[in-house]
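Here's the structure we're looking at; comments come further down.
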Amino acid sequence: MDIQFKQVSYTYQPHTPFAYQAIRNINLSISSGEYIAIVGHTGSGKSTLLQHINGLLLPTDGEVQIGEYILSSNNKRQDLRKLREKVGIVFQYPEHQLFEETVEKDISFGPHNFGIPKDEISKRVLSSIEKVELQTNFLEKSPFELSGGQMRRVAIAGVLAMEPEVLILDEPTAGLDPKGQIDIMKMFYQLHQSKQMTTILVTHQMDHALKYADRIIVLANGEVYMEGNPEEIFSKTNQLQEVNLDVPEILTLIQDFNQRFNGTIRYQRQSIAELAKEIVEHFRENKRL
Amino acid sequence: MKSFMIIGQFVPGTSSLHKLDPRTKMVTIFSFVIIVFFANNVLSYGWLALFSLALILLSKIRIPYILKGITPVWFLIIFTFILHLFITREGPVLLEISTFKIYEGGVIRGLTISLRFLLLVLVTSLLTLTTSPMEITDAIEELFAPLKKIKVPVHELALMMSISLRFIPTLLEETEKISKAQASRGVDFRTGTLKDRMYAIVPLLVPLFISAFKRAEELAMAMEARGYNGSEGRTKLRELKLTNIDYIAILLYVIINIIFFTLRQ
């Protein structure tokens, strides 16, 4: 499903002393199957932006088009359920939304609401608990006896069980330990590749944006500040610093290395280990010369 | 819902009403609530209405915002007016529609009761609009301090009040977050039968209660970690102090009341 924002603005509590325009005049288009990262400082309008994609918020001005759905301010209350089935959102700290007695019931909550038949639901529950790498004996447990990381996985499984076409991730790694972060990000990337799922990642961690995204959108003060592929975006160091964003360490390292040792290493999504090998390679070649 | 309910909401500002000591505001406004019931003719009602209007102007809060903010109360005011219009049977008949008769007394009664109502709501909402919840609890603690002598735990009550006030916005925010998360999982809070909608609340309430309990526990721990042990020997960061503006306000208020009592019959 293609997603298009056409001059979208959104104001919280309009016509009161508390009126606050969170995003203004946003124009964006995201094609089906893309992996997009949205980055920006706190309060730059990221969360507001993504709540427009499944109709949780309707634009005050402009319109949002998602597949065949068009959302605008003069929309009468339409049945958004069909849209929400296709757009899954993993909110920040999704473990706070768990409420059922067992993990199984909680995961099947979404599909059940969308009227999926029972036998199909149990298939989905099994496949999604597998995707988040939890054992099937968790299904009978209460979600509240699990650890924080496990609860997060259960909550994510609950969104995956809806089998959405668009998956929105709002800082899915916040509060996880480093290994948990890597695991979860890898899992989302695999899902993205195997199912051609459109993935929109909102993150503070530039490494994740660099590593996984096809395209990065930088928001600042509610407007699109920059847009482009990761290499382009992160080469504009000064512009990034202006909106308080950092360049990932691995890029600064490569840049400094190339400058100091006349290197020609390019960033191609390599891991630290691979980069180390390239550096060793570089020194070997230079010695021979 | 948040966007049109202003009762209990605080609008920060620097107007002279904002600057008044909360104790002054509370005492005058509560006495005003009683005084409204003493008005008994056009002049005295007019005088009180004028006074309320002056207060609103002083607060520098936009009038349309206040009038719109008390929307739920408008219904009540109009309802009371209509009720009195039809029920009261005093004075000459003004209008006769088949079996219904509208008497002059009904119109007068309806008007006065609704005006009384409107004044009460306006002035009391001005109190919360111009006073932060913290100031209100501080003022309550101060005003009720004499009760400590008869072993009423005034400090603890005030603390409980300020904690609950402090967490109202947090809980509202939390509610909104969870309801959005569940709406994304296909819960529909707005349509469906009454039974459906009641069931839709469960996925909202359970997480809300869990997080509220967790929060309470964490707060208690954080307070203990910082050495909190009740009111014993506790000093205040912001001490309430009456300033010139308070004395002027009290003086004006007394004068206004003297004029009021000479106006009424």
Practice item. Look at segment B:175-190 and say how many of its residues are assigned to a helix (DSSP H, G or I) and either in contact with a Ser or Thr (Cβ under 7 Å, 6 or more places away or on another chain) or not β-branched (Val, Ile, Thr) (or both). Key: 8
Check your understanding: Taking helices (runs of 4 or more DSSP H) that do not extend beyond segment B:71-174, which have at least 3 residues that are touching a Lys or Arg at 6+ places or on another chain (Cβ under 8 Å)?
Key -> B:104-130, B:133-143
Check your understanding: Yes or no: B:Lys60 surrounded by 15 or more Cβ atoms within 10 Å (Cβ to Cβ), basic (Lys, Arg), within 14 Å of chain A (Cβ to nearest Cβ) and closer than 19 Å to A:Pro17 by Cβ?
Key -> no
Check your understanding: Is it true that some residue in segment B:85-93 is surrounded by 15 or more Cβ atoms within 10 Å (Cβ to Cβ), in contact with a strand residue (DSSP E or B) (Cβ under 8 Å, 6 or more places away or on another chain), modelled with pLDDT under 85 and away from chain A (no Cβ under 14 Å)?
Key -> yes
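Would you kindly identify the helices (runs of 4 or more DSSP H) lying entirely within segment A:99-180 that contain at least 3 residues that are surrounded by 20 or more Cβ atoms within 10 Å (Cβ to Cβ) and out of contact with any Leu (no Cβ under 9 Å at 6 or more places or on another chain)?
Because the criterion is at least 3 residues that are surrounded by 20 or more Cβ atoms within 10 Å (Cβ to Cβ) and out of contact with any Leu (no Cβ under 9 Å at 6 or more places or on another chain), the helices (runs of 4 or more DSSP H) in segment A:99-180 that meet it are A:103-113.
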Exercise for review: Would you confirm whether any residue within segment B:119-138 is farther than 30 Å from B:Glu239 by Cα, crowded, with 18+ Cβ neighbours inside 10 Å, touching a residue at least 40 places away in the same chain (Cβ under 8 Å) and not assigned by TED's automatic domain parsing to the domain that holds B:Ala158?
Suggested key: yes
Review point. From the set of residues in segment A:199-236 that are among the basic types (Lys, Arg) and in contact (Cβ under 8 Å) with a residue 12 or more places away in the chain, which is farthest from A:Lys86 (Cα to Cα)?
Key: A:Lys211
Point to revise | Qualifying residue in segment B:114-131 (condition: within 30 Å of B:Ala222 (Cα to Cα) and under 15 Å from the mean Cα position of the chain (by Cα)) | key: yes
Check your understanding: For residues in segment A:17-32 being in a loop (DSSP other than H, G, I, E, B) and not hydroxyl-bearing (Ser, Thr, Tyr), which is nearest to the other protein chains (Cβ to nearest Cβ)?
Key -> A:Pro17
Point to revise | Breaking point among (1) over 30 Å from A:Phe114 (Cβ atoms); (2) within 12 Å of chain A (Cβ to nearest Cβ), for B:Phe167 | key: (2)
**Study point:** Condition check for B:Glu224: part of a helix (DSSP H, G or I), over 30 Å from the mean Cα position of the chain (by Cα) and at pLDDT 85 or above
**Key:** yes
Practice item. Within segment A:103-112, track down each residue that is in contact (Cβ under 8 Å) with a residue 12 or more places away in the chain and within 13 Å of chain B (Cβ to nearest Cβ). Key: A:Asp106, A:Ile107, A:Ser108, A:Phe109, A:Gly110, A:Pro111
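Could you tell me whether A:Pro230 is of a type outside the set (A, V, I, L, M) and surrounded by 20 or more Cβ atoms within 10 Å (Cβ to Cβ)? Let's see the steps before the verdict.
Working: of a type outside the set (A, V, I, L, M): yes; surrounded by 20 or more Cβ atoms within 10 Å (Cβ to Cβ): yes.
For A:Pro230, the condition - of a type outside the set (A, V, I, L, M) and surrounded by 20 or more Cβ atoms within 10 Å (Cβ to Cβ) - is met.
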**Study point:** Subset of segment A:1-16 that is in contact with a strand residue (DSSP E or B) (Cβ under 6 Å, 6 or more places away or on another chain) and within 14 Å of chain B (Cβ to nearest Cβ) - its residue that is surrounded by the most Cβ atoms within 10 Å (Cβ to Cβ)
**Key:** A:Tyr10
Revision key, fill the gap. Filtering segment B:175-195 down to residues that are of a type in the set (A, V, I, L, M) and either touching a Lys or Arg at 6+ places or on another chain (Cβ under 7 Å) or at pLDDT 85 or above (or both) yields B:Ile178, B:Ala181, B:Ala183, B:Val187
Review point. With respect to B:Phe100, is the statement that it is farther than 24 Å from B:Ile35 by Cα, in the same structural domain as B:Ser44 (by TED's automatic domain parsing) and more than 21 Å from the chain's Cα centre (by Cα) true?
Key: yes
Exercise for review: Being loosely packed, with under 15 Cβ neighbours inside 10 Å and at positive phi is the filter here, so list the residues in segment B:158-201 that pass it.
Suggested key: B:Gly192
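The values are calculated or read from the model by the stated rules, or taken from the named source; none is laboratory data. Nothing here was measured: the structure is a model prediction, and the numbers come from that model. So basically every Cβ, Gly included, is an ideal-geometry build from the backbone, and we count neighbours across all protein chains shown.
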